[in-house]
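See below for the structure under consideration.
The values are calculated or read from the model by the stated rules, or taken from the named source; none is laboratory data. From a predicted model like this one, the values you see are computed outputs, not experimental measurements. No Cβ is skipped: glycine too gets one built from the backbone with ideal geometry, and neighbour counts run over all protein chains shown. When the accessible area is computed, the model is the full protein with side chains, heavy atoms only, and any ligands, DNA or RNA have been set aside. Shrake-Rupley method; radii C 1.70, N 1.55, O 1.52, S 1.80 Å.
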Amino acid sequence: MKRWLAALAAATALGMTAWVAPAAAADRAYCGIGWGSLPKEAAWAGSAHLTGVRAGRHACFDRLVLDLDGRQSGYSVRYVTQIKRDGSGFVVPVRGGAKLEIVSRADEDLSHGSMPVPTYRAANRAELVDVAGWRTFRQVAHAGTFEGHTTIGLGVRARLPYRVFTVNGPGAGSRLVIDVAHRW
């Protein structure tokens with residue numbers, strides 16, 4: 001009888017450990033990431049010009065970078081149900097289970113005269129960066145520039161946590177960086 005009680009106590013203890021451990025593991029953030037999925041923005045002031053769009057893969061997240069020729073002066077990044085073209089409101093199709101709308105206070109022309117000089121010219125506006133086979137990103141699409149604001153549609157696998165920040169440099173330029181975690 002004592003053996004049976006000891007075995008029952010051991011099994012109960014193991015059952016409790018197995019029940020408690022997943023909850024404790026779930027409380028820890030993935031890769032130490034404590035980001036959320038709510039909108040993120042910075043105040044609008046001044047302007048810069050978009051000079052490039054690139055992306056990179058990391059162990060815990062995928063990264064999108066907008067290169068600018070001046071200091072980043074404002075942005076708005078948020079999950080939306082549809083990405084819409086600037087000025088017209090037409091829907092821009094973007095692959096993925098969720099869509100991030102990235103609006104940067106960055107123009108693509110040095111002037112708005114009759115002969116604007118482009119600072120960024122995408123080879124394919126529907127696929128600014130090739131992210132085929134990436135863990136989180138599904139598509140990076142240009143949604144237009146209107147009145148000094150450039151909108152990029154970022155299709156991601158699901159509504160995942162993300163962060164947005166700016167980095168000064170190189171030189172007088174800056175970069176708007178959007179990291180999207182691979183999972184919660």
For this session: Give the long-range amide H neighbours of G52: residues separated by 5 or more places, or on another chain, with amide H under 5 Å away, using H modelled in the peptide plane at 1.01 Å from N.
Result: D67
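Give the carbon-plus-sulfur fraction of the accessible surface of region 63-184 in %, rounded to a whole number; probe 1.4 Å, heavy atoms of protein chains only.
Ligands and nucleic acids excluded, carbon and sulfur give 51 percent.
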For this session: Take the alpha-carbon centre of region 31-108, take the same for region 139-172, and report the distance between them in whole Å.
Result: 2 Å
Exercise. For region 40-81, what ratio Rg/Rh do Cα atoms give with a Kirkwood hydrodynamic radius?
Worked result: 1.03
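H58 to R159: FRET efficiency via 1/(1 + (r/R0)^6), r the Cβ-Cβ distance, R0 22 Å, to the nearest 0.05?
Plugging the Cβ-Cβ distance into 1/(1 + (r/R0)^6) gives 0.70.
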Problem set entry | Convex hull of region 29-138 built on C-alpha atoms - directionally averaged projected area, nm² | 8.5 nm²
Problem set entry | Gain upon complete extension [A43, A126; 0.36 nm per residue less C-alpha separation] | 27.1 nm
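Highest mean first, what order results for 176-184, 89-97 on Cβ atoms within 10 Å? The partial results should precede the final answer.
On the way: 176-184: 20.1, 89-97: 15.0.
Going by the mean number of other Cβ atoms within 10 Å, highest first, we get 176-184, 89-97.
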Exercise. Tally Lys and Arg at +1 and Asp and Glu at -1 over the other residues with C-beta under 12 Å from the C-beta of E101: what net charge comes out?
Worked result: +3
Problem set entry | Translational diffusion of region 118-184, µm² s⁻¹ [Kirkwood Rh, Cα pairs; Stokes-Einstein; 20 °C; 1.002 mPa s] | 157 µm²/s
For this session: May I ask for the net charge around Y79, where only other residues with Cβ less than 12 Å from the Cβ of Y79 are counted and Lys, Arg are +1 while Asp, Glu are -1?
Result: +3
